[in-house]
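Right, one structure below, let's go through it.
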Amino acid sequence: MEGGALSVRCGNGIEVSGAGISFHLDPRSLSTKKVPQGTVCCTSHAHSDHIPSTFERKGPNRIVSSEFTRRFISEIKGRAIEAEHCDKVRLHDAGHVTGSVMFEMDVEGQRVLYTGDFSPRDRFRIQGARPVKVDVLLTEATFGKPQYVFPPTERIFKVMTDWIEDSLSQGFSVALFTSSNLGKTHELIHALRDLEPRVHGTISESSRLLQRCGLDLEIKEHEPGDVSTPGVLIGAHGQSMTQEIMSANRKGRRFRKASVSGWAANGNKRGYVDEQFAISDHADHDELLAFVKACSPRMVYVGHGYASELAGEIRQKLGIDACPVPSAGQQCLLNY
Ligand SMILES: [Zn+2]
């Protein structure tokens, strides 16, 4: 979209440009073929759908990011990523996962905030994102539909730990299915440490990587086939842990299974679990709207997830111009 001197569009990540400066936000490429001179590349956090997958073959690959995110990407990609410094961009905690940040940029005299994935909740060891007053806001919309409203984290965490302790006292083992990435999964491992959870192979590699990047995380790895006593097993959704549990069942070890995911908020339970707990790294629907309102922007661009739906609600409920981030060649007509 072209509006005045400020341009926002999908391209190499989300591209925000003005005269003489361009930001590529969560770019997939750091190659100079995709990153023209004068461009500043900013990576919000180290989830796989937000980090670069192609790099400059020779010479530096530079990003603006937190130190943790830069180290994590360097480790996982096996190449040196250098820190970029730019006095037109400020970093704010995004409250999403370890090392996640939002970027506040100065483009053509307008203040622009890119949230990346974010959560406003203080939870576990993570401080939530705080609103920033800006002219233009670029927000995510992973849970941008009204059915996705999460209970208070302390309450749902208490319900979950009570359920785990009841299950253990009744002789069951407990399997918690989460995601394999950094973030909620590893905060859960830390928060449940008194129950000495075992880490399944599906997340043990990412757990060790986090340790190497400096995260204080105690890991007890699960020994395949060890079902001698009731215990807590944490791993990723998918066949691998399900098969392990079926094998344990055949040896007489009974499991109760639960999913830990924001998608649980819609009430649709996965067939292979007994319980589910709506704990997420993201803002829920109501938090997204509240965050947008508190930033009091004149324009909002929505990316990731239910972008059209959330943009419509922002226009109708908040009276703020909003549209999904346009693809290259598309236009988003706003009243400014
Ligand atoms: Zn993420």
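Observations on the structure shown:
- Any chance LEU209 is under 30 Å from GLY78 (Cα atoms) and either free of Cβ contacts under 8 Å to residues at least 60 places away in the same chain or in contact with a Cys (Cβ under 7 Å, 6 or more places away or on another chain) (or both): no
- ARG298 closer than 27 Å to GLU205 by Cα, away from the ligand (no atom under 16 Å from the Cβ) and among the basic types (Lys, Arg): no
- In the set (1) among the hydrophobic types (A, V, I, L, M, F, W, C); (2) closer than 14 Å to ILE279 by Cα; (3) free of Cβ contacts under 8 Å to residues at least 40 places away in the same chain, ILE189 fails one condition alone, (3).
- Here the condition is being farther than 30 Å from VAL302 by Cβ and in a loop (DSSP other than H, G, I, E, B); of GLY235, GLY171, it holds for GLY171 alone.
- Index of the failed condition, HIS304 passing every other in (1) in a strand (DSSP E or B); (2) in the same structural domain as VAL101 (by TED's automatic domain parsing); (3) away from the ligand (no atom under 16 Å from the Cβ): (3)
- Of all residues making up region 35-52, the number that are touching a residue at least 12 places away in the same chain (Cβ under 8 Å) and over 24 Å from ASP93 (Cα atoms): 3
- Among the candidates SER7, SER31, SER66, residue that is under 16 Å from the mean Cα position of the chain (by Cα) and of a type in the set (Gly, Ala, Ser): SER66
- In region 17-34, residue surrounded by the fewest Cβ atoms within 10 Å (Cβ to Cβ) [restricted to those that are under 15 Å from ALA328 (Cβ atoms) and without any contact (Cβ under 8 Å) to a residue 40 or more places away in the chain]: ARG28
- Count - residues of region 109-130 that are away from the ligand (no atom under 16 Å from the Cβ) and buried (at least 18 other Cβ atoms within 10 Å of the Cβ): 3
- Matching residues, region 174-186, being assigned to a loop (DSSP other than H, G, I, E, B) and either farther than 22 Å from TYR272 by Cα or touching a Leu at 6+ places or on another chain (Cβ under 6 Å) (or both): LEU182, GLY183
- Residue list for region 229-271, restricted to those being surrounded by fewer than 15 Cβ atoms within 10 Å (Cβ to Cβ) and touching a strand residue (DSSP E or B) at 6+ places or on another chain (Cβ under 6 Å): LYS269, ARG270
- Filtering region 43-66 to residues that are of a type in the set (Gly, Ala, Ser) and either within 15 Å of the ligand (Cβ to nearest atom) or not assigned by TED's automatic domain parsing to the domain that holds GLY78 (or both) leaves SER44, ALA46, SER48, SER65, SER66.
- Inter-residue pairs, beta-carbon under 8 Å, first over 13 Å from LYS133 (Cα atoms) and in region 92-111, second crowded, with 24+ Cβ neighbours inside 10 Å and of a type in the set (Lys, Arg), 6+ apart: VAL97/LYS184
- Qualifying residues in region 138-150 (those that are in a loop (DSSP other than H, G, I, E, B) and not charged (D, E, K, R)) - the one nearest to GLY303 (Cα to Cα): THR142
- Counting the residues of region 151-168 that are in contact (Cβ under 8 Å) with a residue 40 or more places away in the chain and either in a helix (DSSP H, G or I) or crowded, with 23+ Cβ neighbours inside 10 Å (or both) gives 9.
- Given (1) free of Cβ contacts under 8 Å to residues at least 60 places away in the same chain; (2) in a helix (DSSP H, G or I), number of the condition GLY271 does not satisfy: (2)
The values are calculated or read from the model by the stated rules, or taken from the named source; none is laboratory data. Keep in mind the model is a prediction, meaning the values are calculated, not measured. For neighbour counting, all protein chains shown are included, and Cβ atoms are generated from backbone atoms with ideal geometry for every residue, glycine included.
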